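S.K.: This structure is in structure tokens; I'll ask about it shortly.
What follows is calculated from the coordinates using simple rules that are stated; it is not laboratory data. Since the structure is predicted, the reported quantities are computational estimates derived from the model, not experimental observations. Methodologically, a virtual Cβ is constructed for each residue, glycine included, from the backbone with ideal geometry; neighbour enumeration extends over all protein chains shown.
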Amino acid sequence: MLTNSALKYHYHPVKGWLNDPNGLCDFGGLHHVFYQYCPDSETPSVAKWGHAVTKDFLNWQELGVAIDTDMPYDQKGVWSGTAIVKDGRMYAFYASIDGDRKQAISVAFSEDGIHFEKYAGNPIISEYPPEGSADFRDPAVMEFDGRYYMLVGSADTRKSSGTLLLYESADLLAWSYSGVLREYPDCFSCECPSFVKVDGGVIVAVSNRPKSGGHYFEVMYGQFDGKRFKPQIVSRFQKGPDEYAGQIYRDEKGRAILISWISGWQYQPKEKCIGCLSLPLELNVAGGRIKAYPVEEVRHLIGPDGSVTDAYVKETYVNGGEEVYIELTEKPE
């Protein structure tokens, strides 16, 4: 039977369940990768933030649970979110799930990137607006022109549409609602957004689940003025079938880097989690296109056919990353 211990280059914890990448950032000279983590279960249960660090995206140090489910407002889950560094402190924003399974937005901070203290005023956003719903999660935070902006994935059930809700803050703790940044008709909800400032513009990304079935990952490049986002390029370069919930961040070199969850959910054995994280892909915007290609640290793994095969995981990059295919090449019995 397949197990993720066969993988050499795709990160996975030693044991337990892994899904969405969270809180991607550079801090203290290391790349920090958090992720949805159930350390004592091989199937999804009460998720916490797991944590790993690397210098080269090849050699990983697993650090265990970073943010635990130890408060009444997050006892049923520390769900997905992002991290930002301000004045030498890491702020980790996450969806907090309380005992009634109500979804809200909370924050924890760290001075060393390893040990986290939860904000005494959590949750920092406790209620969703009229354009939102009980699906209210996955905060993505960005600094822009001296202010802070947050996207929250949700849904407007009145219109049967997925929504990306925009919030604004001066200090990362007190947030005001600004409205809907993007709306997707006939979707259950928007999930796992990214909100990243890059040279010349802003990248917005989102994972969507249309009511017609399936899922897709959309990446947009465009201009943001603090209230509105005007996309200039819209791409769905990830063609599946085995990836979801990608997150993008800007590293200390200025690269926009994407890491996704490789789920294998349609043939997940009950006895063992086979999920892992993708190789890190650098996004480049040029010639009216967005391309995603492995970062230089792992580029030597690419074979003559333009793909990387690692045990049962295969990633293929077409035309320098104009299209990306991620698939499991073998299935458990």
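S.K.: Tell me the label-point distance for the pair Lys102, Ala286, using the 7 Å Cα-to-Cβ offset, in nm and rounded to one decimal.
M.R.: It works out to 5.0 nm between the two label points.
S.K.: For Thr309 paired with Ala134, estimate the spin-label separation in nm (one decimal), with each label point 7 Å from Cα along the Cα-to-Cβ line.
M.R.: Taking the simple label geometry, Thr309 and Ala134 are separated by 4.6 nm.
S.K.: Moving to a separate point now. Given a 10 angstrom Cα cut-off, can you work out which residue in Asp74, Asp40, Asp156 is the most mobile in a GNM of the chain?
M.R.: Among Asp74, Asp40, Asp156, the largest mean-square fluctuation in the Gaussian network model of the chain belongs to Asp40.
S.K.: Could you give the length gained on full extension between Val14 and Glu127, defined as 0.36 nm per residue of separation minus the Cα-Cα distance, in nm?
M.R.: On the way: separation 113, 0.36 × 113 = 40.68 nm, distance 3.67 nm.
Stretched out fully, the Val14 to Glu127 stretch lengthens by 37.0 nm.
S.K.: Can you run phi through the Karplus equation (6.51, -1.76, 1.60; θ = phi - 60°) for region 72-82 and list ³J(HN,Hα) in whole Hz, with x for Gly and Pro?
M.R.: Once rounded to whole Hz, the list reads x, 7, 9, 5, 9, x, 9, 8, 5, x, 10.
S.K.: In Å, the Kirkwood hydrodynamic radius of region 15-255 over pairs of distinct alpha carbons? Intermediate results must be reported in sequence, preceding the final value.
M.R.: Numbers: mean 1/r = 0.0558 Å⁻¹.
Roughly 17.9 Å, rounded to one decimal.
S.K.: Still on this structure: Roughly how big is the chain's charge dipole about its Cα centre, with Cβ charges of +1 (Lys, Arg) and -1 (Asp, Glu), in debye to the nearest 20? The partial results should precede the final answer.
M.R.: Numbers: 33 positive and 46 negative charges, 128 e Å.
With Lys and Arg at +1 and Asp and Glu at -1, about 620 debye.
S.K.: Given 0.36 nm per residue, what is the gain on full extension from Glu143 to Met71 after removing their alpha carbon distance, in nm?
M.R.: Separation in residues times 0.36 nm, less the Cα-Cα distance, equals 23.1 nm.
S.K.: Residue by residue, what Karplus-based ³J(HN,Hα) values in Hz, rounded to whole numbers, does region 48-65 have, using 6.51, -1.76 and 1.60 with θ = phi - 60° and x for Gly and Pro?
M.R.: So the Karplus estimates, Gly and Pro as x, are 10, 8, x, 8, 9, 10, 7, 9, 9, 6, 10, 10, 10, 10, 7, 10, x, 7 Hz.
S.K.: Identify all aspartates and glutamates with a Cα-Cα distance to Lys76 below 13 Å; exclude those on the same chain that are fewer than 8 residues away in sequence.
M.R.: Leaving aside aspartates and glutamates fewer than 8 places away in the same chain, those within reach of Lys76 are Asp68, Asp98, Asp100.
S.K.: Could you list the residues of region 271-291 with an amide nitrogen less than 19 Å from a label point located 7 Å from the Cα of Ile302 in the Cα-to-C-beta direction?
M.R.: Output list for this probe position: 278-291.
S.K.: Efficiency by 1/(1 + (r/R0)^6): what FRET value for Leu58 and Ala170, r their Cβ-Cβ distance, R0 = 30 Å, to the nearest 0.05? Before the final figure, lay out each step's value.
M.R.: Working: r = 39 Å, r/R0 = 1.31.
The calculated FRET efficiency here is 0.15.
S.K.: Another question, if that's okay. With 30 Å as the limit, write out which pairs from Lys118/Lys272; Lys48/Lys211; Lys118/Lys230; Lys48/Lys230 have Cα-Cα distances beyond it, or answer none.
M.R.: Values: Lys118/Lys272 32 Å; Lys48/Lys211 28 Å; Lys118/Lys230 35 Å; Lys48/Lys230 35 Å.
In this structure, Lys118/Lys272; Lys118/Lys230; Lys48/Lys230 lie more than 30 Å apart at Cα.
S.K.: Say we join alpha carbon atoms closer than 10 Å with springs in a Gaussian network model of the chain; which of Val14, Val298, Val180 then has the biggest fluctuation?
M.R.: Val14
S.K.: Further, regarding this structure: With an 8 Å cut-off on Cα pairs and a minimum separation of 6 or more residues, tell me the relative contact order of region 15-255 in percent.
M.R.: The normalised contact order for region 15-255 reaches 12 percent.
S.K.: What's the center-to-center distance, using Cα atoms, between region 149-167 and region 228-263 in Å?
M.R.: That distance is 19 Å.
S.K.: List the chymotrypsin sites (Phe, Trp or Tyr not before Pro) within region 11-83 that DSSP assigns to loop and that have no more than 15 neighbouring Cβ atoms inside 10 Å. If you can, show how the numbers build up before the last one.
M.R.: Working: sites: Tyr11, Trp17, Phe27, Phe34, Tyr35, Tyr37, Trp49, Phe57, Trp60, Tyr73, Trp79; in loops: Tyr11, Phe57.
In loop regions of region 11-83 (DSSP not H, G, I, E or B), there are no sparsely surrounded chymotrypsin sites (Phe, Trp or Tyr not before Pro).
S.K.: Between Ser45 and Glu111, what FRET efficiency comes out of the Förster formula 1/(1 + (r/R0)^6) with R0 = 30 Å and r the beta carbon distance, rounded to 0.05? Could you put the intermediate results ahead of the total?
M.R.: Working: r = 30 Å, r/R0 = 1.00.
That gives a FRET efficiency of 0.50.
S.K.: Report the one residue of Gly213, Ser176, Ser160 whose Cα lies farthest in the direction of the positive end of the charge dipole of region 160-221 (charges on C-beta: Lys and Arg +1, Asp and Glu -1; origin at the Cα centre).
M.R.: The listed residue farthest towards the positive side: Gly213.
S.K.: Search the structure for amide H atoms under 5 Å from the amide H of Leu173, placed 1.01 Å from N in the peptide plane, and list their residues when 5 or more places away or on another chain.
M.R.: Here nothing satisfies the definition.
S.K.: Separate question: Using a Förster radius of 25 Å, what is the FRET efficiency between Gln223 and Lys86 based on their Cβ-Cβ separation? Nearest 0.05, please. Show your work: numbers first, answer last.
M.R.: On the way: r = 24 Å, r/R0 = 0.96.
The value I calculate is 0.55.
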